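The values are calculated or read from the model by the stated rules, or taken from the named source; none is laboratory data. Quick caveat: nothing in here was measured; it's all calculated off a predicted structure. We place every Cβ from the backbone using ideal geometry, glycine too, and count neighbours over all the protein chains shown. With ligands, DNA and RNA removed, areas are computed over all heavy atoms of the protein, side chains included. Shrake-Rupley method; radii C 1.70, N 1.55, O 1.52, S 1.80 Å.
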Amino acid sequence: MNEKQSELLDELYAAVVEGIGKSTVSLTVSGLEMNIAAEDLLGNALIPALGEVGDLFESGEYFVPEMLMSARAMQAAMDILRPLLAETGAKPIGKFVMGTVQGDIHDIGKNICNIMLEGAGFEVIDLGVNVSAATFIEAIQEHRPDALGMSAFLTTTMLRFAPNMKELREAGVLDGLVVYVGGAPVTQEFAEHCGADAYAPHANALVRDLKERLGVASR
Amino acid sequence: MRRRRSGGRAARQAERVANHIEQQPFLTRRLKPVEVLGNEGLEIIEHNADIMLEEIGVEIVDYPEAIELFRGAGADIDGTRVRFPAGMCRELVANSAPRTFTQNARNPDRSVVIGDPHTVFAPAYGSPFVSDVEGGRRYATIEDFRNFARLAYMTPSLHHGGGTLCEPVDLPVNKRHFDMVYSHIKYNDKPFMGSVTHPDRAMDTVDMCRILFGADYMEENTVLLSLANANSPLSWDFNMLGSAKVYAEANQAVLITPFILAGAMAPVTVAGAAAQTLAEALVGMAFTQIVRPGAPVIFGSFASSMSMQSGAPTFGTPEPALMLYTIAALARRLGVPFRSGGNLTASKTPDAQAAYESMATFVPTVMAGVNFVLHTAGWLEGGLTMGYEKFILDADQAGAGQALVAGVDMSETGQAMDAVRETGPGNHFLGSAHTLANFETAFWKSGQADNNSFEQWEEEGSQDSITRASQTWKRMLKEYEPPPLDEAKDEELCEWISLRKASFPDSNV
């Protein structure tokens, strides 16, 4: 790596930490033009930058909106790099399909999880609210994610988890898929009772647990 | 040997305690509400709400019938987006919504007047969990629900029985409402709230009340109040508006409340969140007036701040207090009753954090002139948990509201010149005629606080407030006796419920 190239990686790292989307995109493009490999842009700038953002967030120095800006910058860069990475067969950090279950229209907690996941470098496919089991199944078949997250805010809708799990099992989409459930009225015991693989009590815990399960080196 | 005192003194003591805890069926304010913004500021917020409704509009989700009703009333429709010409919603509300209304209880002495200059306290609403100091936190059951209905009945500072005192998670989703509504009727005789999780369940609630009160009576009188929350920002859904329609059609009251975590569901600023709350509430309130002009409706606001470091809601912070004062003033200008506040906290146990956050919400609630206070007692963990001890401690403090809203007595007795003349310099007031005539009612007294000497407190087991509250709720439940309920009506209700329950299968979806 020449001096100009490593200078660019430093700038790209800083742009993601600062959450400046425009610079992140233009630096990513320039990097490719300077013949820096997509893997290097990812591994030597973007991922370390997200590591620092995560540290800053965990220590309370970064606020949610700052995390969001960094996550968006990261995702904008990933939109450019993803096809190139796919060509080389390099696996992205991970893919997550997320949605609030049918009958429930609450999405703040889910959205905060999405921000944290994207901030950690995951690609999130957000199905929104009021998502039926069939829609979850279709999305899993289409996107082949590493993990699925089902969210519910109400005691009346968290009861969808168990029948959803049954439908996912019957559709044969559970192989190699980690299923998380979460939301205000959900507990660890309830998650186990529903047959989900895991429960995350808050967004940070979700990211930490997922990284561990997928063996993603964080930082 | 000391002679035992005759029963006379004990009886007097009992009577005094009884007098002391005797509370009015609802509060009547003499205290002027505190305002934090002048007319100019309030006008700007109203103008901004109008612009939001005209320019951005609201989404009406899965409810084409409501969209048609709005169209008929003059709104501009673009798919599911509904936009309102400036002033349209305000006019609909101002023209026909009552300034005050009476919510009738099955015991007429317990009926409440909702609207200025009155304040009504109701227990916390909607928790999936309950907790107590010994049993810890667990999913709520119908027995917990019954317990809180019993405690609400026995608590004079709570004027209203409330609604979803906790979620009976042990019952099937599509039949919970039968047992909840029946528990309010059976274990309490105060007014209460109906089901809003589906319009059919709202209808069941109305039908049960028709048995209890008579269908004709309900055409003229309001016996139910039910909570419909907006899905902020700027969205209303079928279950909430559909339930609101059922109640409004039956001349029953609806509490229209945008539920806002500022920062996530509304702007981070007081004026921004207040304008959005007003816009969303205007749509819901206008809807009830389109459905049935004159149907009672309350303007509600639930606005909390959030931790920008984690996204968690925060309570008892200054900004929501400013929002509360601001939106209370907006409701007064609109001329409808206002709901907000309570004893809110993010704490998991009734500890110091719970106490100060609750008080930092409750005092603004009272000082702002809120007319209907949901979440007065029991709220923990941002509403996720209904706490037994917290219920007792909150209800105790709510008792102080009555003295606070009475304001300053400026009568001759209040001025107390006689007392000062009689006592003169250097003496004490304890024996003056004025003191003797007034001491019993002069100061509100907590039933939970310990004001004894250290030695007394130690001798009685060095108990903290949580321990004392734990003893109180257990004693209350032991001593509970249900209010009399007409046996024929009770039977008719139970029969109707069992027939309805049998008419469709249990379902959790």
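Set side by side, the residues B:125, B:187, B:139, B:182 differ, and just one is closer than 30 Å to residue B:31 by Cα and open to solvent by 30 Å² or more (accessible area, probe 1.4 Å), which is B:125.
Residue-wise test of (1) over 18 Å from residue B:64 (Cα atoms); (2) within 14 Å of another protein chain (Cβ to nearest Cβ); (3) open to solvent by less than 10 Å² (accessible area, probe 1.4 Å).
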| residue | (1), (2), (3) |
| --- | --- |
| B:229 | yes, yes, no |
| B:233 | yes, yes, no |
| B:237 | no, yes, no |
| B:243 | no, yes, yes |
| B:265 | yes, yes, no |
| B:309 | yes, yes, no |
| B:312 | yes, yes, no |
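When only residues in segment B:287-307 that are touching a Phe, Trp or Tyr at 6+ places or on another chain (Cβ under 6 Å) and away from chain A (no Cβ under 14 Å) count, which is farthest from residue A:59 (Cα to Cα)? Applying the filter and picking the extreme gives B:296.
Where strands (runs of 3 or more DSSP E) fall entirely within segment B:20-119, those with at least 3 residues that are touching a Leu at 6+ places or on another chain (Cβ under 9 Å) and on the phi < 0 side of the Ramachandran plot are at B:58-61. Exactly one residue out of B:93, B:133, B:112 is away from chain A (no Cβ under 14 Å) and open to solvent by 50 Å² or more (accessible area, probe 1.4 Å): that is B:133.
Look at residue B:126 and say whether it is within 21 Å of residue B:239 (Cβ to Cβ), more than 14 Å from every other protein chain (Cβ to nearest Cβ) and under 20 Å from the mean Cα position of the chain (by Cα). Steps first, please.
Numbers: within 21 Å of residue B:239 (Cβ to Cβ): yes; more than 14 Å from every other protein chain (Cβ to nearest Cβ): no; under 20 Å from the mean Cα position of the chain (by Cα): yes.
Criteria not met by residue B:126.
Contact map, segment B:267-291: residues that are hydroxyl-bearing (Ser, Thr, Tyr) paired with residues that are open to solvent by 10 Å² or more (accessible area, probe 1.4 Å), Cβ distance under 7 Å, separation 6+ or inter-chain. Pairs shown: B:277/B:303. Considering only segment B:337-347, I want to know if a residue exists there that is at pLDDT 95 or above, of a type in the set (Ser, Thr, Tyr) and open to solvent by 20 Å² or more (accessible area, probe 1.4 Å). Looking for residues that are at pLDDT 95 or above, of a type in the set (Ser, Thr, Tyr) and open to solvent by 20 Å² or more (accessible area, probe 1.4 Å), one finds none in segment B:337-347, hence no.
Within segment A:1-35, being hydrophobic (A, V, I, L, M, F, W, C) and not in a helix (DSSP H, G or I) holds for A:1, A:20, A:34.
For segment A:191-206, give me the residue count where each residue is closer than 22 Å to residue B:382 by Cβ and assigned to a helix (DSSP H, G or I). Number of matching residues: 5.
Scan segment A:154-190 for residues that are part of a loop (DSSP other than H, G, I, E, B), closer than 30 Å to residue B:386 by Cβ and of a type in the set (A, V, I, L, M, F, W, C) and the total you get is 3.
Filter segment B:314-350 down to residues that are aliphatic (A, V, I, L, M) and assigned to a loop (DSSP other than H, G, I, E, B) and give me whichever is farthest from the other protein chains (Cβ to nearest Cβ). Top of the filtered list is B:336.
Every residue, every condition in (1) within 30 Å of residue B:154 (Cα to Cα); (2) modelled with pLDDT under 95; (3) open to solvent by less than 30 Å² (accessible area, probe 1.4 Å), yes or no:
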position: B:391; (1), (2), (3): yes, no, yes
position: B:398; (1), (2), (3): yes, no, yes
position: B:412; (1), (2), (3): no, no, no
position: B:424; (1), (2), (3): no, yes, yes
position: B:443; (1), (2), (3): yes, yes, no
position: B:448; (1), (2), (3): yes, no, yes
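Please verify whether residue B:252 is touching a residue at least 40 places away in the same chain (Cβ under 8 Å) and either surrounded by 24 or more Cβ atoms within 10 Å (Cβ to Cβ) or within 14 Å of chain A (Cβ to nearest Cβ) (or both), treating the condition exactly as stated. Criteria met by residue B:252.
Of the helices (runs of 4 or more DSSP H) lying entirely inside segment A:36-129, those carrying at least 3 residues that are away from every other protein chain (no Cβ under 11 Å) and open to solvent by 40 Å² or more (accessible area, probe 1.4 Å) are A:47-58, A:64-88. If you go through segment B:351-396 and keep only what is aliphatic (A, V, I, L, M) and part of a strand (DSSP E or B), you end up with B:373, B:380, B:386.
For segment B:165-173, the criterion of a residue being within 14 Å of chain A (Cβ to nearest Cβ), in contact with a Gly (Cβ under 9 Å, 6 or more places away or on another chain), closer than 30 Å to residue A:187 by Cβ and open to solvent by 40 Å² or more (accessible area, probe 1.4 Å) is satisfied by no position. Evaluate segment B:191-203: report whether one residue or more is within 14 Å of chain A (Cβ to nearest Cβ), without any contact (Cβ under 8 Å) to a residue 60 or more places away in the chain, under 18 Å from the mean Cα position of the chain (by Cα) and crowded, with 20+ Cβ neighbours inside 10 Å. Yes; the residues of segment B:191-203 include at least one that is within 14 Å of chain A (Cβ to nearest Cβ), without any contact (Cβ under 8 Å) to a residue 60 or more places away in the chain, under 18 Å from the mean Cα position of the chain (by Cα) and crowded, with 20+ Cβ neighbours inside 10 Å. Mind counting the residues in segment B:357-382 that are open to solvent by 10 Å² or more (accessible area, probe 1.4 Å) and either in contact with a strand residue (DSSP E or B) (Cβ under 7 Å, 6 or more places away or on another chain) or more than 17 Å from residue B:321 (Cβ to Cβ) (or both)? Result for segment B:357-382: 2.
Got a sec? Which of A:139, A:134 is farther than 18 Å from residue A:54 by Cβ, within 14 Å of chain B (Cβ to nearest Cβ) and either open to solvent by 60 Å² or more (accessible area, probe 1.4 Å) or out of contact with any helix residue (DSSP H, G or I) (no Cβ under 7 Å at 6 or more places or on another chain) (or both)?
A:134
A count restricted to segment A:142-155 and to residues that are in contact with a strand residue (DSSP E or B) (Cβ under 9 Å, 6 or more places away or on another chain) and within 13 Å of another protein chain (Cβ to nearest Cβ) stands at 3. Among the residues here, residue B:284 does not qualify as crowded, with 22+ Cβ neighbours inside 10 Å and either among the acidic types (Asp, Glu) or within 14 Å of another protein chain (Cβ to nearest Cβ) (or both).
The set of residues in segment A:161-181 that are more than 14 Å from residue A:137 (Cβ to Cβ) and either within 8 Å of chain B (Cβ to nearest Cβ) or open to solvent by 10 Å² or more (accessible area, probe 1.4 Å) (or both) comprises A:162, A:176, A:178.
Residues in segment B:26-69 that are in contact with a strand residue (DSSP E or B) (Cβ under 8 Å, 6 or more places away or on another chain) and of a type outside the set (Lys, Arg): 16 in all.
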